[in-house]
1. Within the stretch 304-328, which residues are outside any helix (DSSP H, G or I), open to solvent by 50 Å² or more (accessible area, probe 1.4 Å) and in contact (Cβ under 8 Å) with a residue 40 or more places away in the chain?
2. Can you find, within the stretch 275-293, the residue that is nearest to the ligand (Cβ to nearest atom) among those that are more than 14 Å from the chain's Cα centre (by Cα) and not in a helix (DSSP H, G or I)?
3. Out of the residues in the stretch 225-250 that are of a type in the set (Gly, Ala, Ser) and in contact with a Ser or Thr (Cβ under 6 Å, 6 or more places away or on another chain), which is surrounded by the most Cβ atoms within 10 Å (Cβ to Cβ)?
4. Take the stretch 89-98 and flag every residue that is touching a residue at least 40 places away in the same chain (Cβ under 8 Å) and either farther than 15 Å from MET145 by Cβ or within 16 Å of the ligand (Cβ to nearest atom) (or both).
5. Here's a check for you: in the stretch 115-130, which residue that is touching a Leu at 6+ places or on another chain (Cβ under 9 Å) and open to solvent by 20 Å² or more (accessible area, probe 1.4 Å) is nearest to the ligand (Cβ to nearest atom)?
6. Determine, yes or no, whether THR200 is within 16 Å of the ligand (Cβ to nearest atom), crowded, with 23+ Cβ neighbours inside 10 Å and farther than 17 Å from CYS235 by Cβ.
Amino acid sequence: MIPPVASSTLPSHSAFDHQPRTRLVFGVNSVERISELARDLSAQRVLVVTDPGIVTAGHAHRVEHLLQAAGLGVVVFEEVIENPTTRCVENCLRVARSAGIDTIIGLGGGSSMDTAKGCNFLLTNGGRMQDYWGSGKAKRAMLPMIAIPTTAGTGSECQSFALIADEHTHQKMACGDPKAAARIAILDPALTVSQPPRVTACTGIDAISHAVESAVTRKRNPLSLMYSHEAFKLCVKSFPRVLSHPNDLESRGRMLLGAAFAGMAIENSLLGAAHAAANPLTAHYGIVHGDAVGMMLPVVVRFNGRDPQARRAYAELASAPEIAGVTDGLDIALDALIARLESLSNLGGIPRSLAACGVERSKIKMLAEEAARQWTAAFNPRSVTVEDFVHLYEAAFIPRGDGDAK
Ligand SMILES: [Zn+2]
């Protein structure tokens, strides 16, 4: 009998267990295939979960009409809010229950897709959202879901997690289960053109931060790195273009793919300290998620870069879009990466410091204590204590540099 290989001979981050769950359908106007794809899932009565902005943009009615024209029953819940709460999910659940649906569509940004997933948990497995905080807690099968992102940001379309905030504590709960992942994601770049410029900027910076954080976590592995690096390359090259030329469908398509691939990376390697530090800023000051991660990411990369393995991982990431190569030296590559992240945040109009957003220095300790309790903090390549988070927040009070902008 061959003895098992001692696990210490394998890099701790090389193991993974990946089951592709989501069929990806990519292309301009691919949303036109919605009824055919819904029928593939044996849909007869569909709930479309979306927000008022998507209704105004006309996307919700378009999807509704396409489904109705194919003889499917459609109910629309259009009251999704940004950073959806347990109450938002319960409102959606009431509509789903009374409509007797067999399929759910999440149409919009991460908030719509997460609300759709949250509703799916409660509709099929009962209980409260809090019961599913963590992973793998759904015992019964869930309804098939189709995700249709209209922003290039969260990558929720490729994840089995729903981020839902507790209505009372504002604690963001990551509720995940393989059964909650969308069966199909329709990636139609034409749907992302309707985003207001500010949404393009914030969601784009979020997607970039997902690529960067997932590339260095303790759980990174060959499969997640493939997605992180490709996502970073796609987003870094396309982000300036979608800001300057919002109707450029080719760049919109690259951003949408980059965001989806970053979502795949998160599904396999999770996130790090920039997201842990960002969540309390959103909870206490209402700072938009993309702004919060955009402000925290450069200081977190600087902090993590003191770890030799993380520094190498950043250098490899920076070489994907040719910001710098590993052969330039790890320190030079790290500096170049941070400078590019600063430039991209500046380009996106992300506030330059926490002070600019009204954050009070007197609250740093409280914010740091909450950040250290965030689930993503555990996967950061360096362990991050409350003291470390205090230093990270203090560093984010110093206005961000000009980056590598010419
Ligand atoms: Zn994020």
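The values are calculated or read from the model by the stated rules, or taken from the named source; none is laboratory data. Computed from a predicted model, the values in this text were never measured in an experiment. Because the Cβ atoms are built from the backbone with ideal geometry, glycine has one as well, and the counts that use them run over all protein chains shown. With ligands, DNA and RNA removed, areas are computed over all heavy atoms of the protein, side chains included. Shrake-Rupley method; radii C 1.70, N 1.55, O 1.52, S 1.80 Å.
1. Narrowing the stretch 304-328 to residues outside any helix (DSSP H, G or I): 305-307, 320-325.
Within this subset, residues satisfying the condition of being open to solvent by 50 Å² or more (accessible area, probe 1.4 Å) are 306, 322.
Passing the criteria: only ARG306.
2. Step one: of the stretch 275-293, the residues more than 14 Å from the chain's Cα centre (by Cα) are 277, 280-287.
Checking the rest, the ones that are also not in a helix (DSSP H, G or I) come to 286-287.
Details: GLY286: 16, ILE287: 13 Å.
So, considering only residues that are more than 14 Å from the chain's Cα centre (by Cα) and not in a helix (DSSP H, G or I), the one nearest to the ligand (Cβ to nearest atom) is ILE287.
3. Within the stretch 225-250, the first condition is being of a type in the set (Gly, Ala, Ser), and the residues that meet it are 228, 231, 238, 244.
Remaining after also requiring in contact with a Ser or Thr (Cβ under 6 Å, 6 or more places away or on another chain): 228, 238.
Working: SER228: 30, SER238: 23.
If we take residues in the stretch 225-250 being of a type in the set (Gly, Ala, Ser) and in contact with a Ser or Thr (Cβ under 6 Å, 6 or more places away or on another chain), then SER228 is surrounded by the most Cβ atoms within 10 Å (Cβ to Cβ).
4. Pass one, the stretch 89-98, residues touching a residue at least 40 places away in the same chain (Cβ under 8 Å): 89, 92, 95-96.
VAL95 - this is the single residue of the stretch 89-98 that is touching a residue at least 40 places away in the same chain (Cβ under 8 Å) and either farther than 15 Å from MET145 by Cβ or within 16 Å of the ligand (Cβ to nearest atom) (or both).
5. Per the criteria, the residue is ARG128.
6. Values: within 16 Å of the ligand (Cβ to nearest atom): yes; crowded, with 23+ Cβ neighbours inside 10 Å: yes; farther than 17 Å from CYS235 by Cβ: no.
So THR200 fails the test.
Residues are listed down the side, and each one gets a yes or a no for (1) modelled with pLDDT of 95 or more; (2) open to solvent by less than 30 Å² (accessible area, probe 1.4 Å):
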site: SER7; (1), (2): no, no
site: PRO11; (1), (2): no, no
site: SER14; (1), (2): no, no
site: LEU24; (1), (2): yes, no
site: GLY27; (1), (2): yes, yes
site: SER30; (1), (2): yes, yes
site: ALA38; (1), (2): yes, yes
site: LEU41; (1), (2): yes, no
site: VAL49; (1), (2): yes, yes
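Residue by residue, here is whether (1) of a type outside the set (S, T, N, Q); (2) farther than 13 Å from ALA260 by Cα; (3) in contact (Cβ under 8 Å) with a residue 24 or more places away in the chain holds:
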| residue | (1), (2), (3) |
| --- | --- |
| GLY106 | yes, yes, yes |
| PRO149 | yes, no, yes |
| THR169 | no, yes, no |
| LYS172 | yes, yes, yes |
| ALA185 | yes, no, yes |
| LEU191 | yes, yes, yes |
